Amino acid sequence: MLLSFDNKAIADWAKLSGDYNPIHFEVERARETGANDIIVHGMLPLLHIKQRLSTVLPADTGRDWVSVKAMFRSPVLRQLPHALEIQPGKQRSRFSLRATHDASEVMAGSVYRSVPAESPEQPASFSIDRQLFREKRAVFAEAFPDFDRAWLLVDALTFSQFLSSEVPFSIVRDLAKMSGIASQHELMDAALTVQTAHTVMVEPELFRMPLSQLKDPGEIRCELHAPVTVPNSKDTLSGLSQFTVRLDGRPVMQSEVGLLVRFKS
């Protein structure tokens, strides 16, 4: 299976996610990272991979949750074709995404069954209201008309709202001692943020559910857990943030987002 992403695909994901990082739109800013062209949002090819996994994995998962873990090796660039390979296994299936022009692996990961761990802490949280859910659902349906799995929408929506929340912004700003930075936009100009990993665990009922059967939830709440951050040097740090998603009080998803932040001199 070949995947490639043009300007429209990038713009569609930005509209859905709200991620307008300049590296996805300006060649000059992308080249600051060492890339030769505009960088595709990492979650866009991963969304297509998740959709494909939804069609090849057995829908009957029993009581175990489905976990998809991905590592971003190098950027996916605009227009370049990439080949997706899935290797099914009894306990764990694996996938790999490679650029066809040089066979380099840009993304790799696995799919397996798991049981979510309960967090003893009292996490911070934010909610997604019904109006925003309906707006993003319409955008999703227009951009990805063949993606008829409810969990794909919930995953994309909660991930994007997590990134736009104050928590990741505050973590990076405080660790970089940038007290004068007042917004996400200003932070993008002062630091380069790149996603390095993403893991999502999906409750089996939601994993099986067609998008057409997902009713408007009364509440979507994301519970944010204490992040883990490791300074790599004076100019970079790595971080891992986790959150749990609840639909009308019922836990349906857990996500982990790995980030690498490089501060500009």
Next on the checklist: I'd like to verify a number: residues in region 1-26 that are without any contact (Cβ under 8 Å) to a residue 60 or more places away in the chain and open to solvent by less than 10 Å² (accessible area, probe 1.4 Å), how many?
Outcome noted: 1
Next on the checklist: I'd like to verify a number: residues in region 241-261 that are open to solvent by 50 Å² or more (accessible area, probe 1.4 Å) and either among the acidic types (Asp, Glu) or in contact with an Asp or Glu (Cβ under 6 Å, 6 or more places away or on another chain) (or both), how many?
Outcome noted: 3
Checklist outcome for this item: Counting only residues that are open to solvent by 70 Å² or more (accessible area, probe 1.4 Å) and at pLDDT 90 or above, region 220-231 contains a total of 1
Checklist entry - Can you tell me which residues in region 1-35 are more than 18 Å from Ala141 (Cα to Cα) and assigned to a helix (DSSP H, G or I)? => result Asn7, Pro22, Ile23, His24, Val27, Glu28, Arg29, Ala30, Arg31
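From the list Ile23, Ile10, Ile39, which residue is touching a helix residue (DSSP H, G or I) at 6+ places or on another chain (Cβ under 8 Å), at pLDDT below 95 and of a type in the set (A, V, I, L, M, F, W, C)?
Testing whether each residue is touching a helix residue (DSSP H, G or I) at 6+ places or on another chain (Cβ under 8 Å), at pLDDT below 95 and of a type in the set (A, V, I, L, M, F, W, C) leaves just Ile23.
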Next on the checklist: Condition (residue is exposed (fewer than 15 other Cβ atoms within 10 Å of the Cβ), in a loop (DSSP other than H, G, I, E, B) and among the aliphatic types (A, V, I, L, M)) applied to region 87-104: is it met by at least one residue?
Outcome noted: yes
Checklist entry - When you scan region 61-71, how many residues do you find that are in contact with a helix residue (DSSP H, G or I) (Cβ under 8 Å, 6 or more places away or on another chain) and not in a loop (DSSP other than H, G, I, E, B)? => result 4
Item to check | Top-ranked residue in region 53-76 [being open to solvent by less than 20 Å² (accessible area, probe 1.4 Å) and hydroxyl-bearing (Ser, Thr, Tyr); ranked as farthest from the chain's Cα centre (by Cα)] | outcome: Thr61
Item to check | Residue check for Lys50: crowded, with 21+ Cβ neighbours inside 10 Å, of a type in the set (D, E, K, R) and either at pLDDT 90 or above or under 15 Å from the mean Cα position of the chain (by Cα) (or both) | outcome: yes
Checklist outcome for this item: Being within 29 Å of Pro204 (Cα to Cα) and either free of Cβ contacts under 8 Å to residues at least 40 places away in the same chain or of a type outside the set (S, T, N, Q) (or both) narrows Arg52, Arg78, Arg29 down to just Arg52
Item to check | Selected residue (only one of Gln79, Gln131, Gln122 is modelled with pLDDT of 95 or more, surrounded by fewer than 16 Cβ atoms within 10 Å (Cβ to Cβ) and of a type outside the set (D, E, K, R)) | outcome: Gln79
Next on the checklist: Being surrounded by 16 or more Cβ atoms within 10 Å (Cβ to Cβ), modelled with pLDDT of 65 or more and out of contact with any strand residue (DSSP E or B) (no Cβ under 9 Å at 6 or more places or on another chain) is the filter here; which residues of region 154-170 pass it?
Outcome noted: Ala156, Ser160
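Restricting attention to region 224-249, which residues are more than 20 Å from Gln131 (Cα to Cα) and charged (D, E, K, R)? It would help to see each step written out before you state the result.
Residues of region 224-249 that are more than 20 Å from Gln131 (Cα to Cα), as a first pass: 224-244.
Across region 224-249, the qualifying residues are Lys234, Asp235.
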Checklist entry - Does region 183-206 include one or more residues that are in a loop (DSSP other than H, G, I, E, B) and either open to solvent by 30 Å² or more (accessible area, probe 1.4 Å) or at pLDDT below 70 (or both)? => result yes
Item to check | Yes/no for Arg173 being basic (Lys, Arg), modelled with pLDDT under 90 and either over 21 Å from Thr199 (Cβ atoms) or assigned to a helix (DSSP H, G or I) (or both) | outcome: yes
Next on the checklist: Return the residues of region 86-105 that are touching a residue at least 40 places away in the same chain (Cβ under 8 Å) and not aliphatic (A, V, I, L, M); say none if nothing qualifies.
Outcome noted: Ser93, Phe95, Thr100
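The values are calculated or read from the model by the stated rules, or taken from the named source; none is laboratory data. It should be emphasised that the depicted structure is a prediction, and the values quoted were computed from it without experimental measurement. As a convention, Cβ positions derive from the backbone with ideal geometry for all residues, glycine included, and neighbour counts pool all protein chains shown. To get the accessible areas, we keep the full protein, side chains included, count just its heavy atoms, and leave off ligands, DNA and RNA. Shrake-Rupley method; radii C 1.70, N 1.55, O 1.52, S 1.80 Å.
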